[in-house]
Amino acid sequence: MPSDHPFPLHDETTAPPAAAAALAATRKNFGMIPNLERVMASAPPLLEAYSKTWDLFDTTTLSAVERQVVYLVANFENDCAYCVPWHTLLAKKAGMSPEAIEALREGSRIPDEKLEALRVFTRSLIANRGKAVAADLESFFAAGYTPVQVLEVILGLAVKLMSNYTNSVAATPLDPQPRPYLWKKPVIPAREA
């Protein structure tokens, strides 16, 4: 990224001092600093909020695979070519089936019924700007999810709002680790009414 780019890729030595601790923690946890966090470092409160919200989402009752479903649905719906490859890698590490990962990358039905209910509910919240559709909520509960998990999905979407929007405005370059999973949003045929 050129040095005169409005969204530089910082590290601990170039970031505003208030971002240094969050970048160091990211390096410790990930073994590197992803370009997303390097971009966010220009606004230390954003980086801190993102890091803390990510960590909080990890403490929810949703499993690691379920959290990746929420993340991948948001990444797909928000057309985040940076986040889909990263979360493809993270979903594989979490133990998600290859079929479910591919379905999420394509915006299609997940073979696992419970995860499919989570996908549909998450997508519905995004598509309806947070307005819960009663039928989707009922299906979510019928699949075994709880009212607490409705709220936890909202927390996951808050994480993705910060990352997807940042990547959109900054055109964040993809890191080497997820490059095998490059992604471009497929054209989805119009759904019949």
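Here Asp55 fulfils each of the conditions (1) over 30 Å from Pro147 (Cα atoms); (2) free of Cβ contacts under 8 Å to residues at least 40 places away in the same chain apart from (1).
Checked against the criterion of being closer than 17 Å to Leu72 by Cα, surrounded by fewer than 14 Cβ atoms within 10 Å (Cβ to Cβ) and hydroxyl-bearing (Ser, Thr, Tyr), segment 138-160 contains not a single residue that satisfies it.
Restricting attention to segment 10-64, the residues being in a helix (DSSP H, G or I) and surrounded by 13 or more Cβ atoms within 10 Å (Cβ to Cβ) number 28.
Among the residues of segment 78-122, those identified as among the polar types (S, T, N, Q) and touching a residue at least 12 places away in the same chain (Cβ under 8 Å) are Asn78, Thr88, Ser97, Thr122. Only residues that are more than 19 Å from Cys83 (Cβ to Cβ) and at pLDDT 95 or above were counted across segment 24-47, and they come to 2.
The values are calculated or read from the model by the stated rules, or taken from the named source; none is laboratory data. Small disclaimer: the values here were computed from a predicted structure and weren't measured. FYI the Cβ positions are ideal-geometry reconstructions off the backbone, even for glycines, and counts take in every protein chain you see.
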